[in-house]
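Taking it in order: structure first as structure tokens, then the write-up.
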Amino acid sequence: MEEMDTDHSTYPDDGRLKTELDEKIFVNRSLTLEDIKCYGFDMDYTLAIYKSPEYESMGFELIRDRMVSIGYPHEILRYTYDPSFPTRGLVVDTTYGNLLKVDSNGNILVCSHGFSFLKGLTIQPGAEKQSWRSFFDLIVVDTRKPLFFGEGTVLRQVDTHTGKLRIGTYVGDLQNGTVYSGGSSDIVTDLLNVKGKDILYVGDHIFGDILKSKKRQGWKTFLVVPELTKELCVWEDKKNLFDELKHLDIFLAELYKHLDSGSRDCPDISTIQKRMRALTQKMDTAYGQMGSLLRSGARQTLFASQLMRYADLYSSTCSNLLHYPFNYLFLAPPVLMPHEVGAQSLDLAASQLSSNNNHTIRN
Ligand SMILES: [Mg+2]
């Protein structure tokens, strides 16, 4: 708690801090905007922001009604969309019908069967008046990502009056104002006369937009994570729970400190483990029924590990790019390895123990 108070004294206006964080772009790997020749954007949920949760509710109802019309039980009609239930990156276990939240190694963090938890279209108005196409050098639709980042499909020209595709494969140079359909990332880089590393691609889909463009083409990547706004708020509010989890970890290390392979006594750690589980659950509940998009207690999700590995930058919205100059150097924060964290923990433990001799663990 003492640490939290110190943090807050640096930022007297709590509301301001949250707003600023929400406008920030976070850096996994350093990147200088000066080297970027092309900015690419995905459309759905990146450039086109839908009204949420109304849009998702509509999708839910259309799918639900369609399922009933093709023979699923009428009972499912009583369900409505609950935005607090799902989080992105969940895995469907098709064998047992479970919904799983997993870490990067596939270990299960949270599991639900139906709604019981097992232990252990509206585009923003205004876009049509001035042609949005005038803001882009190249527009490609129906790209069929992630196929686009591999073999791709045939590139065709779209007749912007009728919306129909022109017959035949498009060959020739890039024409301003032309809308294309299909193609591949190779064709696009050729048309733009740039290399993969010259492109900063912004998208909301961790697999189709980010993982594939990074892994197969070496594009610079920017992941849009709209959930980050809520994640930041909850993190600020519940950071004390995470701090307590860290302290318990240090406490656990203390218990084993003077034991070695010759020790016969086995310390009883069940109370600490129970407390760790309770803290994890308390943190998870603050985010929603499935917990945070990025972690469960001290453990990070598969989504979080893919985000760190494949997205150079990430932020709650692509428009946060407007807060940075075009020659900005995004510098990644230093990441500590476990042995370095270990050395730091020892220092922290020493200061903790000296400042708080009566540290006790309660259920
Ligand atoms: Mg999208």
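The values are calculated or read from the model by the stated rules, or taken from the named source; none is laboratory data. None of the values given here were measured: they were computed from a predicted structure. Neighbour counts are summed over all protein chains in view; Cβ atoms, including those assigned to glycine, are modelled from backbone coordinates with ideal geometry. The area values use the complete protein model at the heavy-atom level, side chains included, leaving out ligands, DNA and RNA. Shrake-Rupley method; radii C 1.70, N 1.55, O 1.52, S 1.80 Å.
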Criterion violated by CYS266 - all others in (1) out of contact with any strand residue (DSSP E or B) (no Cβ under 8 Å at 6 or more places or on another chain); (2) more than 16 Å from the ligand (Cβ to nearest atom); (3) assigned to a loop (DSSP other than H, G, I, E, B); (4) over 26 Å from GLY342 (Cα atoms) satisfied | (4)
Among the candidates ASP312, ASP284, single out the residue that is open to solvent by less than 40 Å² (accessible area, probe 1.4 Å), within 23 Å of the chain's Cα centre (by Cα), acidic (Asp, Glu) and over 17 Å from GLU227 (Cα atoms).
-> ASP312
Taking only the stretch 170-193 into account, find how many residues are under 21 Å from TRP219 (Cβ atoms) and surrounded by 15 or more Cβ atoms within 10 Å (Cβ to Cβ).
-> 12
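Going by the conditions given, is ARG277 open to solvent by 60 Å² or more (accessible area, probe 1.4 Å), under 18 Å from SER104 (Cβ atoms) and either among the hydroxyl-bearing types (Ser, Thr, Tyr) or assigned to a helix (DSSP H, G or I) (or both)? Explain how you work it out, then say what you get.
Details: open to solvent by 60 Å² or more (accessible area, probe 1.4 Å): yes; under 18 Å from SER104 (Cβ atoms): no; either among the hydroxyl-bearing types (Ser, Thr, Tyr) or assigned to a helix (DSSP H, G or I) (or both): yes.
The answer is no for ARG277.
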Which residues, counting only those in the stretch 45-96, are surrounded by 12 or more Cβ atoms within 10 Å (Cβ to Cβ) and within 16 Å of the ligand (Cβ to nearest atom)?
-> TYR45, THR46, LEU47, ALA48, ILE49, TYR50, LYS51, TYR55, GLU56, GLY59, ARG88, GLY89
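Does LEU191 qualify as being hydrophobic (A, V, I, L, M, F, W, C), part of a helix (DSSP H, G or I) and out of contact with any helix residue (DSSP H, G or I) (no Cβ under 6 Å at 6 or more places or on another chain)?
On the way: hydrophobic (A, V, I, L, M, F, W, C): yes; part of a helix (DSSP H, G or I): yes; out of contact with any helix residue (DSSP H, G or I) (no Cβ under 6 Å at 6 or more places or on another chain): yes.
Yes.
How many of the residues making up the stretch 31-44 are more than 9 Å from the ligand (Cβ to nearest atom) and either surrounded by fewer than 17 Cβ atoms within 10 Å (Cβ to Cβ) or of a type in the set (A, V, I, L, M, F, W, C) (or both)? Full working, then the answer.
Keep residues of the stretch 31-44 that are more than 9 Å from the ligand (Cβ to nearest atom), which gives 31-41.
Filter once more, keeping what is either surrounded by fewer than 17 Cβ atoms within 10 Å (Cβ to Cβ) or of a type in the set (A, V, I, L, M, F, W, C) (or both): 31-38, 41.
So the count comes out to 9.
Please tell me if ASP159 is of a type in the set (Asp, Glu) and open to solvent by 30 Å² or more (accessible area, probe 1.4 Å).
Numbers: of a type in the set (Asp, Glu): yes; open to solvent by 30 Å² or more (accessible area, probe 1.4 Å): yes.
Answer is yes for this residue.
Which of the residues spanning the stretch 287-309 are assigned to a helix (DSSP H, G or I) and open to solvent by 40 Å² or more (accessible area, probe 1.4 Å)? Steps first, please.
At the first step, the residues of the stretch 287-309 found to be assigned to a helix (DSSP H, G or I) are 287, 302-309.
Passing the criteria: LEU302, GLN306, MET308, ARG309.
Tell me yes or no: at least one residue of the stretch 40-51 is charged (D, E, K, R), at pLDDT below 95 and farther than 19 Å from PRO226 by Cα. Can you show your working first?
Residues of the stretch 40-51 that are charged (D, E, K, R), as a first pass: 42, 44, 51.
From what is left, the residues that are at pLDDT below 95 are 44, 51.
Filter once more, so that each one left must be farther than 19 Å from PRO226 by Cα: none.
The answer is no; no qualifying residue exists.
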Do we find that PHE136 is modelled with pLDDT of 90 or more, surrounded by 12 or more Cβ atoms within 10 Å (Cβ to Cβ), farther than 30 Å from SER292 by Cα and under 24 Å from the mean Cα position of the chain (by Cα) in this structure?
-> no
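Conditions tested, residue by residue: (1) more than 24 Å from PRO83 (Cα to Cα); (2) among the aliphatic types (A, V, I, L, M); (3) touching a His at 6+ places or on another chain (Cβ under 7 Å).
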| residue | (1), (2), (3) |
| --- | --- |
| ASN107 | yes, no, no |
| GLY163 | yes, no, no |
| VAL171 | yes, yes, no |
| VAL179 | yes, yes, no |
| VAL188 | yes, yes, no |
| HIS205 | no, no, no |
The stretch 197-244, subset closer than 20 Å to SER30 by Cβ and surrounded by fewer than 19 Cβ atoms within 10 Å (Cβ to Cβ), residue nearest to the ligand (Cβ to nearest atom) = LYS215
